[in-house]
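Below is the structure I would like to discuss, written out as structure tokens.
The values are calculated or read from the model by the stated rules, or taken from the named source; none is laboratory data. Every value quoted in this text rests on a predicted model; they were computed, and no experiment measured them. Here Cβ is always computed from backbone atoms with ideal geometry, including for glycine, and neighbour counts include all displayed protein chains.
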């Protein structure tokens, strides 16, 4: 497996800046079936052989209950290409959320249940790191989601310590954009699964994604400027907290 120099450098920068991996770590990588998490699994396995530290990896896929195992079957086949096994756990998180008829509230419920189960699995497997496939575009989108829909300035961070340090969520692809991930996935012949959720493409995140695409069209530097701004905060030029109007 050959990682393009630019991507390799960006991953290395993210890992170093946020101290993502240490000697003796046990890493649980969550593989949804999307191209991002599949690529992350391949990268972590590759780095396992080149890093100056020793760490273990185990992969898990939570089947959301939509498609009679089609996505989980594809995940198994794709990871088999790189010699990695994956534990599949069947859940009804997705179908339960749809049945509740809560629309985007169901999306929140589904995501929360999935995240909670991943935390539990990490604890059950004695993993101190949980690796997720979020990338640069996800971080920018989350910033705008929180800004537009929650009224706060925040985003997901590349590394986050939880449960008094017992578990750290890491996002090694945090400095890599979606296009770079797709290009690399193609080079190692990884194939993503289609999202089987009936609400796919209708979420607030999708609306923000389209907004950003329209905003950045014709100006390739704009997305990079937004990302840079997230670590260049001039708090003295922000408002003091005030009662909601």
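Does segment 205-230 hold any residues that are in a loop (DSSP other than H, G, I, E, B) and within 19 Å of the chain's Cα centre (by Cα), and which are they?
Across segment 205-230, the qualifying residue is only 230.
With respect to residue 94, is the statement that it is modelled with pLDDT under 90, touching a helix residue (DSSP H, G or I) at 6+ places or on another chain (Cβ under 6 Å) and not in a loop (DSSP other than H, G, I, E, B) true?
Values: modelled with pLDDT under 90: yes; touching a helix residue (DSSP H, G or I) at 6+ places or on another chain (Cβ under 6 Å): yes; not in a loop (DSSP other than H, G, I, E, B): yes.
The answer is yes for residue 94.
Write out, first by first residue and then by second, each pair whose Cβ atoms fall under 8 Å of each other, whose residues are 6+ apart or on separate chains, and whose first residue, in segment 5-34, is in contact (Cβ under 8 Å) with a residue 24 or more places away in the chain and at positive phi while the second is surrounded by 14 or more Cβ atoms within 10 Å (Cβ to Cβ) and part of a helix (DSSP H, G or I).
33/71; 33/72; 33/74; 33/75
From the set of residues in segment 207-223 that are out of contact with any helix residue (DSSP H, G or I) (no Cβ under 9 Å at 6 or more places or on another chain) and under 21 Å from residue 174 (Cβ atoms), which is modelled with the lowest pLDDT?
220
Can you pull out every residue in segment 203-245 that is surrounded by 11 or more Cβ atoms within 10 Å (Cβ to Cβ) and in contact (Cβ under 8 Å) with a residue 40 or more places away in the chain?
Matches in segment 203-245: 203, 204, 205, 208, 209, 211, 212, 223, 226, 227, 230.
Which members of segment 20-66 meet the condition of being part of a loop (DSSP other than H, G, I, E, B) and either surrounded by 17 or more Cβ atoms within 10 Å (Cβ to Cβ) or in contact with a strand residue (DSSP E or B) (Cβ under 7 Å, 6 or more places away or on another chain) (or both)?
20, 21, 25, 31, 32, 33, 34, 55, 64, 65, 66
Determine, yes or no, whether residue 14 is crowded, with 19+ Cβ neighbours inside 10 Å, at pLDDT 95 or above and touching a strand residue (DSSP E or B) at 6+ places or on another chain (Cβ under 6 Å). Steps first, answer last, please.
Details: crowded, with 19+ Cβ neighbours inside 10 Å: yes; at pLDDT 95 or above: yes; touching a strand residue (DSSP E or B) at 6+ places or on another chain (Cβ under 6 Å): no.
Spelling it out, it is not the case that residue 14 is crowded, with 19+ Cβ neighbours inside 10 Å, at pLDDT 95 or above and touching a strand residue (DSSP E or B) at 6+ places or on another chain (Cβ under 6 Å).
When the residues of segment 151-200 are filtered to those that are touching a residue at least 12 places away in the same chain (Cβ under 8 Å), assigned to a helix (DSSP H, G or I) and in contact with a helix residue (DSSP H, G or I) (Cβ under 9 Å, 6 or more places away or on another chain), which remaining residue is farthest from residue 78 (Cα to Cα)?
163
Being surrounded by 21 or more Cβ atoms within 10 Å (Cβ to Cβ) and either touching a helix residue (DSSP H, G or I) at 6+ places or on another chain (Cβ under 8 Å) or over 24 Å from residue 186 (Cα atoms) (or both) is the filter here, so list the residues in segment 67-77 that pass it.
The one that is surrounded by 21 or more Cβ atoms within 10 Å (Cβ to Cβ) and either touching a helix residue (DSSP H, G or I) at 6+ places or on another chain (Cβ under 8 Å) or over 24 Å from residue 186 (Cα atoms) (or both): 75.
Can you report the number of residues in segment 128-150 which are more than 17 Å from residue 211 (Cβ to Cβ) and out of contact with any strand residue (DSSP E or B) (no Cβ under 9 Å at 6 or more places or on another chain)? Reasoning before the result, please.
Within segment 128-150, the first condition is being more than 17 Å from residue 211 (Cβ to Cβ), and the residues that meet it are 128-135.
Narrowing the set further to residues that are out of contact with any strand residue (DSSP E or B) (no Cβ under 9 Å at 6 or more places or on another chain) leaves 134-135.
Number satisfying all stated conditions: 2.
Okay, next question. In segment 67-79, what residues are part of a helix (DSSP H, G or I) and either closer than 21 Å to residue 121 by Cα or within 17 Å of the chain's Cα centre (by Cα) (or both)?
Selection gives 71, 72, 73, 75, 76, 79.
Only one of (1) in a helix (DSSP H, G or I); (2) out of contact with any strand residue (DSSP E or B) (no Cβ under 9 Å at 6 or more places or on another chain); (3) in contact (Cβ under 8 Å) with a residue 60 or more places away in the chain is not met by residue 82, so which one is it?
Of the numbered conditions (1) in a helix (DSSP H, G or I); (2) out of contact with any strand residue (DSSP E or B) (no Cβ under 9 Å at 6 or more places or on another chain); (3) in contact (Cβ under 8 Å) with a residue 60 or more places away in the chain, the odd one out for residue 82 is (1).
Related question: For residues in segment 108-121 being more than 16 Å from the chain's Cα centre (by Cα) and surrounded by 14 or more Cβ atoms within 10 Å (Cβ to Cβ), which is modelled with the lowest pLDDT?
The first filter runs over segment 108-121 and keeps only residues more than 16 Å from the chain's Cα centre (by Cα), leaving 109, 120-121.
Among the residues that remain, those that are also surrounded by 14 or more Cβ atoms within 10 Å (Cβ to Cβ) are: 109, 121.
Numbers: 109: 85, 121: 97.
For segment 108-121, the residue satisfying everything is 109.
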